[in-house]
Amino acid sequence: MSDAFTVLWTHDTCRALRGAGREGERPPVAFSGVHSSLPAWSGAHPGDEVYALHVNRGEVLLVSRMRVVDRERRDCCGTAPATWRDPGFPGHHDWAALGAGGCGAEAVHVDATPVRFDLPVPGDLLGRLTWRNRRGGTRGLKYVVDGRLQRVVSLQGFYRLTPESADDLAEVLGSAAL
């Protein structure tokens, strides 16, 4: 059985994607890392889904759904860097904003929906979203007031959704015109 996760894309990440004209395109790769500069996709396996979220002025946006294909370095990644000055993934330069230059970055190849910044997660759903840890404990989203997220701290990171919340986010995406 596959799992679903959320990852928060920061203002800097989304600004870089917009600036590079990536809106409407499907990312072929995302990046994971062991350092706090990148989310650690350590729990994700091929077949798992990852919902990229962005928060703008209290509104949570569903930016893309990525299905993990593999976590291996492939030919498409380009030549591995010989020195610390060399780009880590020259073959994925177009998507470097997703963390290619992060400390200890590793490629995660994905099959994704197009990047978009116009799909809000309904405010009533924010209060119902839940995540689960490895021991089976669950938690909700903190700092939701009147359907708006006041602080992003409980979204920062890479977290496993409960199956019900994964279904809810899939429904939000499915109800939108792709």
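Values computed for the structure shown
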item: Whichever residue in segment 85-101 is in contact with a strand residue (DSSP E or B) (Cβ under 6 Å, 6 or more places away or on another chain) and of a type outside the set (A, V, I, L, M, F, W, C) and, among such residues, is nearest to residue 36 (Cα to Cα); result: 99
item: Residue that is farthest from the chain's Cα centre (by Cα) [pool: residues in segment 68-103 that are closer than 22 Å to residue 21 by Cα, touching a residue at least 24 places away in the same chain (Cβ under 8 Å) and not in a helix (DSSP H, G or I)]; result: 89
item: Test: residue in segment 91-99 that is of a type outside the set (Lys, Arg), closer than 22 Å to residue 169 by Cα and in contact with a helix residue (DSSP H, G or I) (Cβ under 9 Å, 6 or more places away or on another chain); result: yes
item: Candidates 134, 139, 151, 128, filtered to the one that is modelled with pLDDT under 90 and surrounded by fewer than 17 Cβ atoms within 10 Å (Cβ to Cβ); result: 134
item: Residue 94, sole failed condition from (1) of a type in the set (Asp, Glu); (2) touching a Phe, Trp or Tyr at 6+ places or on another chain (Cβ under 8 Å); (3) farther than 19 Å from residue 42 by Cβ; result: (2)
item: In segment 110-158, the residues that are touching a strand residue (DSSP E or B) at 6+ places or on another chain (Cβ under 7 Å), farther than 21 Å from residue 44 by Cβ and not in a loop (DSSP other than H, G, I, E, B); result: 120, 123, 126, 140, 148, 149
item: Residue count, segment 11-41 (criterion: of a type in the set (Ser, Thr, Tyr), outside any strand (DSSP E or B) and either surrounded by 14 or more Cβ atoms within 10 Å (Cβ to Cβ) or in contact (Cβ under 8 Å) with a residue 12 or more places away in the chain (or both)); result: 2
item: Long-range neighbours under 9 Å by Cβ, at least six apart or interchain, first residue over 14 Å from residue 9 (Cα atoms) within segment 150-178, second at pLDDT below 90; result: 160/43; 160/133; 160/134; 163/1
item: Complete set of residues in segment 43-67 that are in contact (Cβ under 8 Å) with a residue 60 or more places away in the chain and farther than 23 Å from residue 22 by Cβ; result: 43, 58
item: Residues (surrounded by 18 or more Cβ atoms within 10 Å (Cβ to Cβ) and more than 23 Å from residue 152 (Cα to Cα)) located in segment 49-77; result: 68, 77
item: Cβ-Cβ under 8 Å pairs, at least 6 apart or on other chains, segment 113-138 side closer than 20 Å to residue 11 by Cα, far side part of a helix (DSSP H, G or I) and of a type outside the set (A, V, I, L, M); result: 117/14; 117/18
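The values are calculated or read from the model by the stated rules, or taken from the named source; none is laboratory data. The shown structure was predicted, so the numbers you read here are calculated from the model rather than taken from an experiment. For neighbour counting, all protein chains shown are included, and Cβ atoms are generated from backbone atoms with ideal geometry for every residue, glycine included.
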